[in-house]
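The values are calculated or read from the model by the stated rules, or taken from the named source; none is laboratory data. Remember, it's a predicted structure, so these values are computed and weren't measured experimentally. Heads up, the Cβs are rebuilt from the backbone with ideal geometry, glycines too, and the neighbour counts pull from every protein chain shown.
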Amino acid sequence: MTDHKAGVPTLNYFVVDAFAERVFSGNPAGVCPLDGTDWLADDLMQSIAAENNLSETAFLLRKGDRFGLRWFTPTLEIDLCGHATVGSAFVIFTELGWKSDVIEFDSKSGVLKVERKNEIYELDFPSRPAHVAEPPPELIAGLGATPLEILKARDWMGVFACEEDVLAIQPNFDLLAKAPGGKVIVTAPAKNCDFVSRFFAPGAGVNEDPVTGSSHCTLIPYWAAKLNKTKLHARQVSKRGGELFCELRGERVGIGGRAALYSKGRIFV
């Protein structure tokens, strides 16, 4: 859209707290719905994401009965992001007047669906099972703790004995950033839900992500096998915290959560 008074091109912009019942919790995602039929230039989208300085900013482009969806951290474009997909769906449902209870997105990870079930926004994402792997020395040194298991899918994953072990980790982010990929999930069984996790991604410009949908593409198949159940209740125990309702669906996973609108406005570019 254009600010006709000033004659300056602008974008609508929303900040949505995803996997959250209320603002100031969950993971804040920037959402920019685009007009027209073309993406903005990649360097402009990257500059907007860097200026927003949220863990991810999502860009939406209407494509008939679907939307194109791309995600940028402050430093790079990524191939999959859960919380900014929840935030994007929230904006489409509540701000753009979408009538159906299902949205389909075209993304770098294929077609992704979000279904609205009352106050829950449920993602249908690819499952990304992890396999036992030899960790680089920077990973263990960066965590400052030795997991019971180390596995690898898109990201590294360290499994610990209990929730308290996960909460106690104080990473050296400079060291973690030097590990291949620069991203690691830490997880453990929990008392008040099935499992907890944290996600460190200094290699992508995000030291600790508040709540990470994409990491649950790996967490869900792991814990489903360990706990012998396909429906799981999870919490990400970052400072802000978040709640996720998970399901293993063969080669796909369901990841559900609530969302709350924090702000809306315009970006002048």
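Total residues in segment 212-269 satisfying the condition of being among the charged types (D, E, K, R) and assigned to a strand (DSSP E or B): the figure is 8.
Which ones in segment 132-152 are within 24 Å of residue 226 (Cβ to Cβ) and in a helix (DSSP H, G or I)?
139, 140, 143
Residue by residue through segment 236-256, note down the ones that are within 19 Å of residue 21 (Cβ to Cβ) and touching a Gly at 6+ places or on another chain (Cβ under 7 Å). Listed by number, the residues that qualify are 236, 240, 242, 243, 244, 245, 246, 255. In the set (1) touching a Pro at 6+ places or on another chain (Cβ under 9 Å); (2) without any contact (Cβ under 8 Å) to a residue 12 or more places away in the chain; (3) within 30 Å of residue 13 (Cα to Cα), the condition left unmet by residue 87 is number (2). Within segment 153-177, the set of residues being surrounded by fewer than 23 Cβ atoms within 10 Å (Cβ to Cβ), at pLDDT 95 or above and more than 23 Å from residue 228 (Cβ to Cβ) comprises 164, 167, 168, 169, 170, 171, 172, 173, 174, 175, 177. For segment 180-206, residues that are in a strand (DSSP E or B) and under 14 Å from the mean Cα position of the chain (by Cα) total 8. Selection of first residues in segment 132-161 that are in contact (Cβ under 8 Å) with a residue 12 or more places away in the chain and farther than 14 Å from residue 173 by Cα and of second residues that are among the aromatic types (Phe, Trp, Tyr) and assigned to a strand (DSSP E or B), restricted to Cβ pairs under 7 Å at least 6 apart or on distinct chains, gives the following pairs, ordered by first then second residue: 135/156; 150/156. Scanning segment 31-85 for residues that are assigned to a loop (DSSP other than H, G, I, E, B), buried (at least 20 other Cβ atoms within 10 Å of the Cβ) and not β-branched (Val, Ile, Thr) yields 54, 55, 56, 80, 81, 82.
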